[in-house]
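Trainee: This is the structure I want to talk about, given as structure tokens.
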Amino acid sequence: MTALKRIFFWLSGAGTETLEQCPKWEQRKYVAFGATVLVPCAFAFIACAYALSTLTDNPRVIYPVAAVWAFIILTIDRALISGYRPYLSVFRKLSQFSLRILVAVLMGITIAHPLVLLLFRDTITSVIEKDRAAEIEVVRGTFQKEKERVSAQITAVEAQLAEQRQRWNESFQAKFILQDKTETDSAIPGLTAEQQAELKTAIDENTAPFRERLAVVDKQHDELTPQYAKLQTELGFWQAEFERELNGQRSGLKGEGPRARSIRADQLEPRREEAKRLGALLEHLTSEKTNLQTQSREAEAAAIAAFEGKLAEINKANQAEADRVAALKRKVEEDQAGQFVSQQNALRETIKLQIETRLNELNRVQGELATVANQENDRINALQAEPRRDILTQTLALHALFLAGNQGGQFAFYTYIVLTLLFMLVDTIPLIIKFFTKPGPYDTLVDRDEVTYDAEHRAFLHSQRRYMENLASGNLIAVTRNKRLENALVDGVEHTRAAREFLDSLVEMERSFAEKMKLEEQLIGVAESDKRAAHEAIKRRFYEDLHHRMEVFFSTGHA
């Protein structure tokens with residue numbers, strides 16, 4: 001326990017020998033001072049370890065350097081509190097404290113800033129990743145323009161290549177007769193435009209009577225439907241009123257009274273009859289509408305069947321014409337086959353050369369596109385692989401977070417200020433506690449020793465100045481050229497002065513003793529022989545001690 005206590009004494013910057021002369025409570029106070037020095041040291045170790053972890057992941061580098069930095073902070077804090085003296089003037093105390101608090105604040109900032117970055121690590125990381133994503137998007141945009149340019153070249157080459165291949169395929173074909181295209185989106189696929197118009201006219205003529213009657217029925221049905229819906233709503237309302245009257249909720253009388261009979265006769269029964277009439281009429285119109293639609297479809301089917309019979313006759317004539325054209329085509333192909341083959345072979349050779357040229361161009365452009373894509377991937381991978389954990393990058397990200405134009409940025413700034421001040425307070429707490437602590441016994445002892453040393457220093461300076469004045473006014477200047485002789489002379493002069501002062505003090509002490517003893521002897525009576533013997537013994541002992549002091553003084557280096 002004593003060794004641990006001395007360690008805390010050393011941390012507090014106090015002298016162990018002097019503290020052991022002080023009371024226990026004073027020693028406990030300096031143990032507490034030493035413990036406060038460990039707090040900034042621990043924070044310094046954590047802050048430096050985190051700062052180094054943003055640069056390297058090697059623990060053999062992080063922890064030794066962090067330990068050295070923590071020892072430096074510990075040494076500086078120990079020097080600051082050990083150099084503070086409470087027994088000074090107010091001005092000197094404030095100036096001394098201001099200088100030390102400035103150094104402590106600077107050290108506190110170096111410790112507090114990495115710790116604040118550690119606390120805001122997740123938020124700072126999100127800002128850094130957001131900036132990284134923005135840079136990646138910029139890189140992608142830049143390379144996208146280059147890829148679009150190369151892709152446009154590839155598209156152009158592929159279009160030319162497709163055209164040449166189409167020409168190659170067409171060189172194996174011979175088209176003699178072009179047949180007209182037929183449309184298939186009609187009632188009977190394969191009809192010409194005139195046939196479709198003729199079919200439509202026949203269908204319209206067969207379904208015209210039914211369509212006209214169907215339009216009249218739809219109009220009547222549309223007019224009666226809102227009336228029927230309104231009548232049903234009113235009937236529901238008066239039915240509810242009638243039931244409320246029967247239950248006594250309106251007039252307070254249960255049963256079918258005059259009011260209930262009036263509602264039934266004037267409101268319910270007329271509306272029920274009208275609703276029944278309109279419902280029957282709507283049902284009749286619906287049935288008639290269904291019949292008309294069925295008859296219209298049957299008339300349309302009959303018109304289509306009649307037209308199909310007419311088309312059968314036309315198809316026979318068309319088939320005969322097709323057979324004639326096929327025979328003509330075979331004859332032309334047989335006559336021109338030799339000439340056509342030689343021409344197509346020459347054309348194919350030309351097309352083949354053009355296709356090979358386009359293929360080479362396409363391979364070159366595709367290789368260029370692959371190169372651009374690889375460069376983009378390399379650049380993006382490099383951006384993604386960047387750790388971006390250094391203190392400067394994190395500080396810039398935190399600054400960007402502060403400049404965010406919202407309440408979150410202001411809150412983050414205020415939080416950073418509060419945390420930084422808190423860590424600075426923790427880092428400067430040893431000096432602050434030392435400044436505001438009342439001086440104790442240890443401070444008194446240290447101040448007494450310093451005052452003693454200052455007085456001795458001033459006395460030495462005064463003696464040296466007086467010696468030099470005497471030396472300058474005498475004839476001993478030449479003595480100073482011989483250091484041994486000068487030292488002997490200085491010792492002799494100082495010894496002579498010391499011996500004179502010593503003898504003067506002994507004489508003064510003997511004179512005072514003799515006067516006191518003389519007064520005491522006058523008070524001793526004739527019969528007090530024992531008291532007189534004691535006085536004689538005291539006198540003998542005093543003079544023996546006085547003689548012994550003189551012998552010791554002049555025999556131990558003063559002679």
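The values are calculated or read from the model by the stated rules, or taken from the named source; none is laboratory data. Everything numeric in this text was worked out from a predicted model, so none of it was measured. FYI the Cβ positions are ideal-geometry reconstructions off the backbone, even for glycines, and counts take in every protein chain you see.
Trainee: Within segment 217-235, which residues are among the hydrophobic types (A, V, I, L, M, F, W, C) and at pLDDT below 80?
Mentor: Taking segment 217-235 first, the residues among the hydrophobic types (A, V, I, L, M, F, W, C) are 217, 224, 229, 231, 235.
Hits for segment 217-235 are 217, 224, 231, 235.
Trainee: Looking only at segment 66-75, decide whether some residue is assigned to a helix (DSSP H, G or I), in contact (Cβ under 8 Å) with a residue 12 or more places away in the chain, in contact with a Cys (Cβ under 9 Å, 6 or more places away or on another chain) and under 14 Å from residue 431 (Cβ atoms).
Mentor: Yes, segment 66-75 has at least one match.
Trainee: Conditions: (1) in contact (Cβ under 8 Å) with a residue 12 or more places away in the chain; (2) more than 22 Å from residue 441 (Cβ to Cβ); (3) in a helix (DSSP H, G or I). Residue 18 meets all but one. Number of the miss?
Mentor: So the condition that residue 18 fails would be (2).
Trainee: Go over the candidates 423, 435, 413 one by one and state the one that is at pLDDT below 75 and under 30 Å from residue 62 (Cα atoms). Before you say what the answer is, go through the steps one by one.
Mentor: Numbers: 435 fails: under 30 Å from residue 62 (Cα atoms); 413 fails: at pLDDT below 75.
After ruling out the rest, the residue left standing is 423.
Trainee: Could you check residue 209 against (1) of a type outside the set (A, V, I, L, M); (2) more than 30 Å from residue 305 (Cβ to Cβ); (3) part of a helix (DSSP H, G or I) and say which number it fails?
Mentor: (2)
Trainee: May I ask you to verify whether residue 131 is in contact with a Cys (Cβ under 8 Å, 6 or more places away or on another chain), surrounded by 14 or more Cβ atoms within 10 Å (Cβ to Cβ) and in a helix (DSSP H, G or I)? Lay out the reasoning, then the answer.
Mentor: On the way: in contact with a Cys (Cβ under 8 Å, 6 or more places away or on another chain): no; surrounded by 14 or more Cβ atoms within 10 Å (Cβ to Cβ): yes; in a helix (DSSP H, G or I): yes.
Taking the combined requirement at face value, the residue does not satisfy it.
Trainee: Now, a different point. Output the residue which, of all residues in segment 17-26 that are at pLDDT below 80 and closer than 17 Å to residue 4 by Cβ, is surrounded by the fewest Cβ atoms within 10 Å (Cβ to Cβ).
Mentor: 20
Trainee: Also: Given the structure, is residue 523 surrounded by fewer than 12 Cβ atoms within 10 Å (Cβ to Cβ) and not hydroxyl-bearing (Ser, Thr, Tyr)? Before you say what the answer is, go through the steps one by one.
Mentor: Numbers: surrounded by fewer than 12 Cβ atoms within 10 Å (Cβ to Cβ): yes; not hydroxyl-bearing (Ser, Thr, Tyr): yes.
Answer is yes for this residue.
Trainee: Moving to a separate point now. So how many residues does segment 138-165 have that are closer than 19 Å to residue 377 by Cβ and not hydrophobic (A, V, I, L, M, F, W, C)?
Mentor: Total satisfying the criteria: 10.
Trainee: Considering only segment 33-63, state which residues are surrounded by fewer than 13 Cβ atoms within 10 Å (Cβ to Cβ) and part of a helix (DSSP H, G or I).
Mentor: Initial filter on segment 33-63 (surrounded by fewer than 13 Cβ atoms within 10 Å (Cβ to Cβ)): 57-60.
Across segment 33-63, the qualifying residues are 59, 60.
Trainee: Please indicate, with yes or no, whether at least one residue in segment 58-72 is at pLDDT below 85 and touching a helix residue (DSSP H, G or I) at 6+ places or on another chain (Cβ under 9 Å). Steps first, please.
Mentor: We begin by selecting, within segment 58-72, every residue at pLDDT below 85; these are none.
No; the residues of segment 58-72 include none that is at pLDDT below 85 and touching a helix residue (DSSP H, G or I) at 6+ places or on another chain (Cβ under 9 Å).
Trainee: Restricting segment 526-546 to residues that are loosely packed, with under 11 Cβ neighbours inside 10 Å and at pLDDT 85 or above, which is nearest to the chain's Cα centre (by Cα)?
Mentor: Just the residues of segment 526-546 that are loosely packed, with under 11 Cβ neighbours inside 10 Å, to begin with: 526-527, 529-530, 533, 537, 540-541, 544-545.
Of the ones still in play, those that are also at pLDDT 85 or above are 537, 540-541, 544-545.
On the way: 537: 94, 540: 93, 541: 90, 544: 90, 545: 86 Å.
That would be 545.
Trainee: Also, I was wondering about something else. Might you check whether a residue that is within 30 Å of residue 41 (Cα to Cα), part of a helix (DSSP H, G or I) and modelled with pLDDT of 75 or more occurs anywhere in segment 376-391? So that I can check it myself, show each step before the final result.
Mentor: Initially, segment 376-391 is screened for residues within 30 Å of residue 41 (Cα to Cα), giving 387-391.
Filter once more, so that each one left must be part of a helix (DSSP H, G or I): 391.
Then keep just the ones that are modelled with pLDDT of 75 or more; that gives none.
No - not one qualifying residue is present in segment 376-391.
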